[in-house]
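The values are calculated or read from the model by the stated rules, or taken from the named source; none is laboratory data. Keep in mind it's a predicted model, so treat the numbers as computed, not measured. In this analysis, Cβ positions are derived from the backbone assuming ideal geometry, glycine residues included, and neighbour counts consider all displayed protein chains. The area values use the complete protein model at the heavy-atom level, side chains included, leaving out ligands, DNA and RNA. Shrake-Rupley method; radii C 1.70, N 1.55, O 1.52, S 1.80 Å.
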Amino acid sequence: MTFARYFKLSSYGLIASGFLSLAATGALDRLSVILFTSVLAVSWFVDTERLRKGIPTRWLNGIALAYLPFFAADYKLLSRSFLISVLHMMLFMAALKLLTLSRNRDYALVYLLSFGQLLAASALTVNITFGACFLAFLFFGISTLI
C-alpha cells in the first residue's frame, strides 16, 4: 500500500468516525445522514483535485455564503433548533470541502469539522456507541496525524 493510499484511507476513516458518532445520536434527520454518506462515498472515488481546478474559487465562496440564508431558514422553519441547524451547516461545509480537497489545509479543515462533529455527539448522547466511535476517531486521528 502506498503512502498516499494509506493517508486517504486513514483520513476518510477519521472523517467517517466523526460523522458516525454524530449520526448515532439520532439527532440528525435521515436526509442529512443519507446526503452526507453519499458525498463521503462519491468523494472517495472522484478526483477532487481536478474538480477543484474546474470550479472557480469565487463560486465555492459564493456557495458557502449562499448557505447563510438557508441556515436562517433551517433554524426558523425546518429544524427549529439552533444546535441542529449548526450541525447541518457543519455537514454542508464538510461535504463542500470533501468534494474539493486539493491542499493540506483542506484536510486540516475537514479534520477540525469532524472533531466538531465528535464534540457535538458527545453533548447529544450517553450511548455506548459513542465510545466505539470515539475509539475509532482516536485510532484514525493518531494514524492520520502521524
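Key figures for this structure:
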| read-out | value |
| --- | --- |
| Filtered residue count, segment 35-48, keeping only those that are more than 17 Å from residue 114 (Cα to Cα), open to solvent by 70 Å² or more (accessible area, probe 1.4 Å) and part of a helix (DSSP H, G or I) | 2 |
| Qualifying residue in segment 130-139 (condition: more than 25 Å from residue 5 (Cα to Cα) and out of contact with any Gly (no Cβ under 9 Å at 6 or more places or on another chain)) | yes |
| Flag if residue 54 is at pLDDT 90 or above, over 22 Å from residue 20 (Cα atoms) and surrounded by fewer than 15 Cβ atoms within 10 Å (Cβ to Cβ) | no |
| Qualifying position, being open to solvent by less than 50 Å² (accessible area, probe 1.4 Å), among the aliphatic types (A, V, I, L, M) and modelled with pLDDT under 90, among 101, 91, 118 | 101 |
| Residues satisfying the stated conditions in segment 16-32, i.e. among the aliphatic types (A, V, I, L, M), open to solvent by less than 40 Å² (accessible area, probe 1.4 Å), assigned to a helix (DSSP H, G or I) and farther than 13 Å from residue 119 by Cα | 16 |
| Those residues of segment 1-15 which are part of a helix (DSSP H, G or I) and open to solvent by 40 Å² or more (accessible area, probe 1.4 Å), in sequence order | 3, 4, 5, 6, 7, 8, 9 |
| Test: residue in segment 129-142 that is under 30 Å from residue 72 (Cα atoms) and touching a residue at least 24 places away in the same chain (Cβ under 8 Å) | yes |
| In segment 58-69, the residues that are under 17 Å from residue 95 (Cβ atoms) and free of Cβ contacts under 8 Å to residues at least 12 places away in the same chain | 59, 61, 62, 65, 66, 68 |
| Top-ranked residue of segment 73-88 - restricted to ones that are in a helix (DSSP H, G or I) and open to solvent by less than 50 Å² (accessible area, probe 1.4 Å), ranked as farthest from residue 12 (Cα to Cα) | 73 |
| Residue 107 out of contact with any Leu (no Cβ under 7 Å at 6 or more places or on another chain) and crowded, with 17+ Cβ neighbours inside 10 Å | no |
| Matching option when the condition is within 27 Å of residue 7 (Cα to Cα) and not acidic (Asp, Glu), among 31, 68, 22, 83 | 22 |
